[in-house]
Amino acid sequence: MTVSYTGIIIAGGQSRRFGSPKAFAKLEGKPLYSYSISILNKYCSSIVLVTNSSLEQSFKQENLAVQVIQDIKKYQGQGPLAGIFSAMTKVTDEWYMVLPIDVPFMQEWVIEELIYQLDDSYEAIVPVVNGKKQPLVALYHQSLRNRIEENLQQGKRSLDQLLTNAKVKYLTNIEDENPFININHREDFPE
C-alpha cells in the first residue's frame, strides 16, 4: 500500500530555557531546524513548519523549501497540539509525521520503524522510549483532526489527553534514547 505523509515541524516554542530562538542555533555549522527538515524530506511529500508570530519572518527569510505558517489565530500560544491542528488544516493528507524543531540527533531508523508499524486500525503511532511516551516524534492520522479541534476548544491542550481517547499503537521496543534527545538549554549542545 502506498501511503502519503505530510511532515509537521513544531517550531513555535518561546525558547525561554535556551535564552534565544533555538531553531536558529547552530550545531556542527547547521541551524537546528535544518535537521528536522532534512530527515522529513526523505519521507514526506510536503512539510509544514509551524511557528509563532515572532519567528515567522525569520523562517521565511531563510527561503526554506517548506511551508512556514503560524498557528490558527484562535489557537495561538496553545502548544504543540495547536501546531499539529494548524498544519492539518493547511495541508490535507492521510498521515502526518510530526517532529519538533529541537531533535538534531533523530535517526532514519526511528522514522522507518514508525512507518513499518503503520496500521490503518490505529489513529496514531507513538514511540515509548524507556517508559517515556514521545508524542512529538509520531505519526498522526487525519481522522484525528476533528478530535484535536474539539480538545483545543475545550482547553485540553495536552497531547496525552488526545492520545487517551485515540486508537494508539505504542512502540515499546525502542531503547536507544539518543535520537530523542532534545535541546532545551545551551549546555545540551555536545562539546
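Can you check what the net charge comes to around Leu32, using other residues whose Cβ is under 10 Å from the Cβ of Leu32 (Lys, Arg +1; Asp, Glu -1)?
Overall, the nearby charge balance is +2.
Taking the Cβ of Gly131 as the centre, find all other residues whose Cβ is under 15 Å away and add up their charges (Lys, Arg: +1; Asp, Glu: -1).
-2
Run the numbers on the chain and let me know its relative contact order in percent, using alpha-carbon pairs under 8 Å that are six or more apart.
Relative CO of the chain lands at 25 percent.
Per residue, how much accessible area does the chain show when a 1.4 Å probe rolls over the protein heavy atoms, in square angstrom?
So the chain comes to 50 Å² accessible per residue, rounded to a whole number.
Give the lysines reachable from Lys30 as a straight Cα distance under 20 Å; neighbours fewer than 8 places away on the same chain don't count.
Straight-distance partners of Lys30: Lys22, Lys42, Lys60.
Calculate the length of the line joining the C-alpha centroid of region 95-141 to that of region 61-78, in whole Å.
21
So what's the back-of-envelope 222 nm ellipticity for the chain, counting only DSSP H runs of four-plus at -39500 (n - 2.57) apiece and dividing by all residues, rounded to 500?
Roughly -8000 deg cm²/dmol at 222 nm, from the helical runs in the chain.
Work out the charge dipole of the chain with +1 on the Cβ of Lys and Arg and -1 on the Cβ of Asp and Glu about the Cα centre, then indicate which of Leu152, Ser38, Asn182 is farthest towards its positive end.
Leu152
Roughly what % of DSSP beta bridges within region 67-191 run antiparallel, to the nearest 5?
Bridges in region 67-191 that DSSP calls antiparallel: roughly 60 percent.
Setting aside same-chain residues fewer than 8 positions from Lys167, which lysines have a Cα under 17 Å from its Cα?
Lys133
Rounded, prolate or oblate: which fits region 54-155 when a ≥ b ≥ c are the square roots of the eigenvalues of the alpha-carbon gyration tensor, with rounded for a/c under 1.5 and prolate only if a/b beats b/c?
It is oblate, given that a/c is not under 1.5 and a/b is not larger than b/c.
What part of the accessible area of region 72-191, given as a whole %, is carbon or sulfur when the probe is 1.4 angstrom?
43
The values are calculated or read from the model by the stated rules, or taken from the named source; none is laboratory data. From a predicted model like this one, the values you see are computed outputs, not experimental measurements. Quick reminder, even Gly has a Cβ in these numbers, built from the backbone with ideal geometry, and neighbours come from all protein chains shown. The accessibility values were calculated without ligands, DNA or RNA, using every heavy atom of the protein model including side chains. Shrake-Rupley method; radii C 1.70, N 1.55, O 1.52, S 1.80 Å.
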